[in-house]
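Take a look at the structure below.
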């Protein structure tokens with residue numbers, strides 16, 4: 001954990017003082033993201049980066065919170081990558097991205113969740129997963145509003161609303177071993193969110 | 001829970017280790033529901049693979065189709081992650097007991113490895129209290145997940161653990177899961193135990209107890 005903090009501190013110092021202006025520019029997020037549910041927190045907020053020249057890729061970094069009343073208290077860090085292969089132009093509104101596959105990783109900080117099962121206590125392979133880190137597969141759809149007047153009036157380049165379905169390796173293992181007793185809708189979870197581009 | 005004895009015959013199901021085996025559960029339920037005069041079903045732990053509440057809900061939703069009550073004991077897989085808290089929320093205490101037709105069923109956490117063999121699991125003090133002579137109780141049956149013959153059970157505690165049962169007047173048998181394979185004590189063993197095959201292997205045991213004499217039958221479906 002100490003090594004982790006040292007690295008984070010170094011990274012922040014490098015970002016603040018060590019890099020040229022255009023590199024710093026590169027690190028400024030393109031979007032502000034707010035999400036509800038979807039396996040990354042009851043509520044989550046974070047920064048989005050547009051990837052590639054066509055801006056069809058997304059890299060999102062989010063912090064999520066689950067209050068006690070919703071099964072917490074949990075703090076969750078999420079890194080998402082997704083790509084938008086299809087686009088539909090909509091007059092007077094903007095664009096629809098109907099099917100965007102992606103993958104993301106969550107890290108949940110909680111005293112009961114170990115990064116990995118200690119070899120001192122469990123033989124190798126006894127449990128084969130991490131309690132704290134979950135890999136997820138996702139697909140989302142997004143409506144990106146660029147044309148309505150209120151977008152500009154609000155000082156935005158665009159405002160997107162999206163829904164994202166995801167499953168993780170636990171649920172997928174249970175699904176594939178038990179088709180059709182366990183159905184697809186049993187193992188996918190839904191989140192909804194907004195993206196604001198300034 | 002206490003029920004006045006109408007007759008002396010107890011008949012119940014011992015099963016365990018449903019884990020990832022959701023598609024085996026409907027066949028299990030159908031078979032049990034086709035049997036006559038079953039009092040209840042004991043599931044000796046590992047109702048999940050990953051200790052998630054979603055798995056516990058998947059298990060509970062399916063098991064509601066059983067015609068008789070289902071009693072679920074904690075397994076080692078159920079304790080991973082935040083499973084312990086989820087189990088307590090959905091099923092209650094990790095150690096609990098109930099009296100049925102004059103027999104006391106002592107359900108307890110035997111998953112020592114998950115507590116890094118801290119010497120507290122199984123809780124021998126709690127067991128000693130539960131095994132004390134009680135008015136209206138003529139027999140004792142214990143139910144756990146990890147059997148004492150497994151390395152996952154704290155071997156330091158085994159002699160005292162077994163002795164506590166062996167020295168109890170009216171001790172009938174100790175029941176377990178975990179190994180996924182059927183096992184039982186040799187005739188004449190003072191520590192009378194029974195381990196059920198798993199739901200994954202489509203096996204369970206029908207246990208019959210008459211006047212503290214236990215017999216059992218393996219069932220495949």
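The values are calculated or read from the model by the stated rules, or taken from the named source; none is laboratory data. Quick caveat: nothing in here was measured; it's all calculated off a predicted structure. Methodologically, a virtual Cβ is constructed for each residue, glycine included, from the backbone with ideal geometry; neighbour enumeration extends over all protein chains shown.
Determine whether region A:170-183 contains at least one residue that is over 30 Å from residue B:200 (Cβ atoms) and either in contact with a helix residue (DSSP H, G or I) (Cβ under 6 Å, 6 or more places away or on another chain) or loosely packed, with under 14 Cβ neighbours inside 10 Å (or both).
Let us first name the residues in region A:170-183 that are over 30 Å from residue B:200 (Cβ atoms), namely none.
No.
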**OP:** Please work out which one of (1) within 11 Å of chain B (Cβ to nearest Cβ); (2) over 25 Å from residue A:42 (Cβ atoms); (3) buried (at least 16 other Cβ atoms within 10 Å of the Cβ) is the condition residue A:145 fails and give its number.
**Re:** (1)
Subject >> Qualifying residue in region B:77-85 (condition: part of a loop (DSSP other than H, G, I, E, B), in contact with a helix residue (DSSP H, G or I) (Cβ under 8 Å, 6 or more places away or on another chain) and free of Cβ contacts under 8 Å to residues at least 40 places away in the same chain) >> reply: yes
**OP:** Among residues belonging to region B:36-49 that are surrounded by fewer than 23 Cβ atoms within 10 Å (Cβ to Cβ) and modelled with pLDDT of 95 or more, point out the one that is farthest from the other protein chains (Cβ to nearest Cβ).
**Re:** B:39
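Yes/no matrix, rows are residues, columns are (1) over 28 Å from residue A:72 (Cβ atoms); (2) within 14 Å of chain A (Cβ to nearest Cβ):
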position: B:27; (1), (2): yes, yes
position: B:62; (1), (2): no, yes
position: B:67; (1), (2): yes, no
position: B:94; (1), (2): no, no
position: B:98; (1), (2): yes, no
position: B:112; (1), (2): yes, yes
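Can you find, within region B:114-126, the residue that is farthest from the other protein chains (Cβ to nearest Cβ) among those that are outside any helix (DSSP H, G or I) and either touching a residue at least 60 places away in the same chain (Cβ under 8 Å) or crowded, with 19+ Cβ neighbours inside 10 Å (or both)?
Here is the first cut: in region B:114-126, the ones outside any helix (DSSP H, G or I) are B:116-123.
Those left that are additionally either touching a residue at least 60 places away in the same chain (Cβ under 8 Å) or crowded, with 19+ Cβ neighbours inside 10 Å (or both): B:121-122.
On the way: B:121: 13, B:122: 17 Å.
Ranking the qualifying residues of region B:114-126, first place goes to B:122.
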**OP:** Search region B:135-147 for residues being assigned to a strand (DSSP E or B) and within 14 Å of the chain's Cα centre (by Cα), and hand back the single one that is farthest from residue B:197 (Cα to Cα).
**Re:** B:140
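Could you tell me whether region A:168-177 includes any residue that is away from chain B (no Cβ under 14 Å) and in contact with a strand residue (DSSP E or B) (Cβ under 6 Å, 6 or more places away or on another chain)? Please lay out each step first, then the result.
Step one: filter region A:168-177 for residues away from chain B (no Cβ under 14 Å), giving none.
Scanning region A:168-177, I find no residue that is away from chain B (no Cβ under 14 Å) and in contact with a strand residue (DSSP E or B) (Cβ under 6 Å, 6 or more places away or on another chain), so the answer is no.
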Subject >> Top-ranked residue of region A:124-138 - restricted to ones that are more than 9 Å from chain B (Cβ to nearest Cβ) and free of Cβ contacts under 8 Å to residues at least 12 places away in the same chain, ranked as farthest from residue B:50 (Cα to Cα) >> reply: A:124
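In region B:172-190, how many are in contact with a helix residue (DSSP H, G or I) (Cβ under 7 Å, 6 or more places away or on another chain) and buried (at least 17 other Cβ atoms within 10 Å of the Cβ)? Don't jump to the end; show me each part of the working.
Let us first name the residues in region B:172-190 that are in contact with a helix residue (DSSP H, G or I) (Cβ under 7 Å, 6 or more places away or on another chain), namely B:174, B:190.
From what is left, the residues that are buried (at least 17 other Cβ atoms within 10 Å of the Cβ) are B:174.
Within region B:172-190, residues that are in contact with a helix residue (DSSP H, G or I) (Cβ under 7 Å, 6 or more places away or on another chain) and buried (at least 17 other Cβ atoms within 10 Å of the Cβ) number 1.
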Original post:
If you go through region A:48-69 one residue at a time, do you hit one that is over 12 Å from the mean Cα position of the chain (by Cα), more than 15 Å from residue A:30 (Cα to Cα), free of Cβ contacts under 8 Å to residues at least 60 places away in the same chain and assigned to a helix (DSSP H, G or I)?
Top reply: yes
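I'd like to check which helices (runs of 4 or more DSSP H) are fully inside region A:138-196 and have at least 3 residues that are within 25 Å of residue A:32 (Cα to Cα).
Working: elements: A:149-153, A:169-178, A:184-187.
Passing ranges, in order: A:149-153.
In the list A:74, A:115, which residue meets the criterion of being surrounded by 14 or more Cβ atoms within 10 Å (Cβ to Cβ), closer than 15 Å to residue B:82 by Cα and within 21 Å of the chain's Cα centre (by Cα)?
Values: A:115 fails: surrounded by 14 or more Cβ atoms within 10 Å (Cβ to Cβ).
One residue alone meets the criteria, A:74.
From the list B:132, B:156, which one is away from chain A (no Cβ under 14 Å) and assigned to a helix (DSSP H, G or I)? Even if it seems obvious, please write down each step before you answer.
Working: B:132 fails: assigned to a helix (DSSP H, G or I).
None of the other options fit; the residue is B:156.
Does residue B:74 satisfy being surrounded by 21 or more Cβ atoms within 10 Å (Cβ to Cβ) and either within 14 Å of chain A (Cβ to nearest Cβ) or not in a strand (DSSP E or B) (or both)? Show your work before the answer.
Numbers: surrounded by 21 or more Cβ atoms within 10 Å (Cβ to Cβ): yes; either within 14 Å of chain A (Cβ to nearest Cβ) or not in a strand (DSSP E or B) (or both): yes.
In short, yes.
For region B:53-70: of the residues being outside any helix (DSSP H, G or I) and farther than 17 Å from residue A:183 by Cβ, which is nearest to the chain's Cα centre (by Cα)?
First, the residues of region B:53-70 that are outside any helix (DSSP H, G or I): B:64-70.
Now restrict to residues that are farther than 17 Å from residue A:183 by Cβ: B:64, B:66-70.
Working: B:64: 18, B:66: 17, B:67: 19, B:68: 16, B:69: 14, B:70: 11 Å.
Out of the qualifying residues, it is B:70.
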